[in-house]
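Working notes, beginning with the structure itself.
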4 protein chains.
Amino acid sequence: MDTPISFTTEFTVEWGDCDPARIVFYPHYFYWFDTCFQHWLRHAGLSQALLTERHGVVGTPILEAHAKFLVASTDGDRLEAEARIETFGPKRFRIDYRLTRNEQLLVEGWEVRAWVAKVDDRLRSLPIPPEFVAALASASNDAAPPAVVRPDRP
Amino acid sequence: MDTPISFTTEFTVEWGDCDPARIVFYPHYFYWFDTCFQHWLRHAGLSQALLTERHGVVGTPILEAHAKFLVASTDGDRLEAEARIETFGPKRFRIDYRLTRNEQLLVEGWEVRAWVAKVDDRLRSLPIPPEFVAALASASNDAAPPAVVRPDRP
Amino acid sequence: MDTPISFTTEFTVEWGDCDPARIVFYPHYFYWFDTCFQHWLRHAGLSQALLTERHGVVGTPILEAHAKFLVASTDGDRLEAEARIETFGPKRFRIDYRLTRNEQLLVEGWEVRAWVAKVDDRLRSLPIPPEFVAALASASNDAAPPAVVRPDRP
Amino acid sequence: MDTPISFTTEFTVEWGDCDPARIVFYPHYFYWFDTCFQHWLRHAGLSQALLTERHGVVGTPILEAHAKFLVASTDGDRLEAEARIETFGPKRFRIDYRLTRNEQLLVEGWEVRAWVAKVDDRLRSLPIPPEFVAALASASNDAAPPAVVRPDRP
């Protein structure tokens with residue numbers, strides 16, 4: 001996949017997401033990272049439940065997550081969230097996120113997700129099926145669909 | 001500070017912390033990172049409220065956070081959490097975390113926190129006061145107190 | 001106020017809102033109750049921060065909350081939330097909530113909120129100002145503004 | 001069951017549980033209600049996972065929840081939580097909760113939980129098995145075990 005694929009959605013910072021410093025309690029940003037990915041799944045006609053039904057995967061477990069918090073946000077702020085996938089590894093993929101408010105970058109980060117299914121009652125890491133990649137690409141902001149699946153980055 | 005300082009506390013994974021994949025919904029691990037630091041503050045005779053009262057800081061805002069998820073955990077698991085600070089920068093510090101279950105490492109990660117106070121109604125990054133470092137050191141698992149404050153790592 | 005006032009907003013049930021039983025972990029419904037009220041505030045040109053600035057109130061503390069869970073909901077469900085206020089007491093008011101999915105009632109409940117401000121460094125329950133009532137009424141789904149403020153219900 | 005059964009556990013209010021009004025964001029109290037019940041299950045040698053395995057129940061779904069908030073609590077407060085069951089209905093039971101801080105009552109409320117299992121791929125409300133009642137009673141603060149199962153209260 002030479003052309004990255006991406007997806008954009010929106011969130012509102014709510015009162016209950018903020019801490020006594022009057023800014024977002026930072027774990028909530030990871031909730032928005034995850035939720036941005038879930039929105040992408042839905043726009044691709046998928047859901048975690050459908051992935052389980054079709055592929056036996058249980059969630060799409062996070063191997064690693066990172067975030068850099070540049071500017072704080074608070075109750076009532078409207079966040080635009082962009083998720084972007086540059087390449088898919090055979091058994092995992094990285095999603096880069098950018099949260100902006102009126103085009104100002106607030107938070108950037110990423111998740112590495114695995115493709116893990118239950119085989120004979122044990123969880124095993126399995127190759128990402130091409131139809132999953134194609135479904136995410138079909139819901140991408142960008143026109144060109146992903147071309148190939150690349151080896152996992154170290 | 002040549003000797004790192006550290007602090008250990010415990011958490012239980014609760015039903016409401018887990019997602020439909022029956023494992024912890026990953027943003028909760030960052031809640032435990034943050035909460036581990038809050039426990040350390042309390043064992044040092046401090047709290048966010050006291051830091052505000054004494055130093056004018058509002059929270060100890062997170063600049064960056066990272067986690068690597070090695071083994072999943074679920075409802076009822078008992079987690080031991082260790083926080084460790086190697087050095088303090090002049091205006092920020094990094095806390096490394098390790099979450100284990102029966103001595104098996106489940107999650108490791110870190111936060112970078114800033115020392116930010118309201119000065120003339122504006123938030124400003126300020127030097128970390130030595131008494132804050134001394135207080136955390138006094139509640140450390142390790143005997144030796146931190147020696148010096150080092151320059152911020154890039 | 002003889003005519004009730006009401007406000008409608010929408011939420012999506014996210015993966016992270018659901019528990020291992022694959023349905024919403026019930027405390028989240030109260031998050032949506034609260035958030036529905038915050039949306040109403042914003043559509044009325046208000047926010048908790050503005051209420052603090054103008055009236056000295058700190059939040060609008062909940063005295064009591066109730067919910068009846070009729071039908072479960074899960075990841076991806078679109079919830080329509082309706083908040084309704086029948087009357088305002090002098091110092092508190094009750095908001096009734098209905099959460100529906102495709103017009104099917106899922107959850108109904110209510111909150112009683114107080115009007116509490118810091119006076120001489122102590123929290124005191126104070127009369128709800130008419131301009132607050134008028135602001136919520138101006139953002140109501142219904143045409144007629146609230147008429148009068150009634151005594152608190154026991 | 002003429003003698004009520006009860007269970008006591010403890011929680012700490014954390015920074016991330018509090019909102020910009022510097023008090024607990026109220027939905028978290030329901031998290032503690034639920035978690036108090038989960039602690040009771042564990043002290044009775046049970047868990048939601050074991051209930052599923054043994055009885056086919058999926059969670060113990062909440063039909064109704066209520067709370068009255070008398071005194072606010074904040075970051076660092078130690079809460080003692082008591083759960084109490086007066087009687088079990090045939091297919092549901094009510095748990096009364098009291099959260100106290102240094103013996104001062106902060107929050108009181110209750111949940112009604114159903115016994116619901118998947119039968120032929122459909123959720124059905126089923127009679128609460130006596131061994132479940134006996135297990136909770138065995139972990140009760142009180143000596144006398146529950147005697148009989150009463151009809152559901154309206």
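The values are calculated or read from the model by the stated rules, or taken from the named source; none is laboratory data. The structure presented is a predicted model; accordingly, all values stated were derived computationally and were not measured. Ideal geometry is used to build each Cβ from the backbone, glycine not excepted, and the neighbour counts take in all protein chains shown. We work out accessible area using only protein heavy atoms, side chains counted, and drop any ligands, DNA or RNA first. Shrake-Rupley method; radii C 1.70, N 1.55, O 1.52, S 1.80 Å.
For this structure, a couple of remarks:
- One residue stands out among those in region C:1-46 that are more than 24 Å from A:ARG78 (Cβ to Cβ) and surrounded by fewer than 20 Cβ atoms within 10 Å (Cβ to Cβ): the one that is modelled with the lowest pLDDT, which is C:ASP2.
- Subset of region B:63-80 [surrounded by fewer than 19 Cβ atoms within 10 Å (Cβ to Cβ) and of a type in the set (Asp, Glu)]: B:GLU64, B:GLU80
- Considering C:ARG101, C:ARG78, C:ARG124, the condition of being over 10 Å from the mean Cα position of the chain (by Cα), farther than 18 Å from D:VAL107 by Cβ and modelled with pLDDT under 95 is satisfied by C:ARG124 alone.
- Among the conditions (1) more than 7 Å from every other protein chain (Cβ to nearest Cβ); (2) within 20 Å of B:ASP19 (Cβ to Cβ); (3) touching a helix residue (DSSP H, G or I) at 6+ places or on another chain (Cβ under 8 Å), the only one that A:PHE37 does not satisfy is (3).
- Listed conditions (1) more than 12 Å from every other protein chain (Cβ to nearest Cβ); (2) free of Cβ contacts under 8 Å to residues at least 40 places away in the same chain; (3) aromatic (Phe, Trp, Tyr) are all met by A:TYR97, apart from (2).
- Residue in region C:47-62 that is nearest to the other protein chains (Cβ to nearest Cβ), counting only those that are open to solvent by 10 Å² or more (accessible area, probe 1.4 Å) and closer than 20 Å to C:ASP96 by Cβ: C:ILE62
- Taking first residues from region B:63-76 that are more than 7 Å from chain A (Cβ to nearest Cβ) and partners that are open to solvent by less than 30 Å² (accessible area, probe 1.4 Å) and among the small types (Gly, Ala, Ser), the Cβ contacts under 7 Å between residues at least 6 apart in sequence or on separate chains come to B:ASP75/D:SER47; B:GLY76/D:SER47.
- In region A:1-34, the qualifying residues are those that are at the interface with chain B (Cβ under 10 Å from one of its Cβ atoms) and of a type in the set (Phe, Trp, Tyr), and the one that is nearest to C:ASP17 (Cα to Cα) is A:TYR31.
- Residues in region D:106-129 that are open to solvent by 50 Å² or more (accessible area, probe 1.4 Å) and touching a strand residue (DSSP E or B) at 6+ places or on another chain (Cβ under 9 Å): D:GLU108, D:LYS118, D:LEU123, D:ARG124, D:SER125.
- Of all the residues in region C:87-100, those that are of a type in the set (A, V, I, L, M) and either surrounded by fewer than 16 Cβ atoms within 10 Å (Cβ to Cβ) or closer than 13 Å to C:HIS66 by Cβ (or both) number 1.
- Among (1) more than 27 Å from B:THR35 (Cα to Cα); (2) open to solvent by 10 Å² or more (accessible area, probe 1.4 Å) - the single one D:GLU103 does not satisfy: (1)
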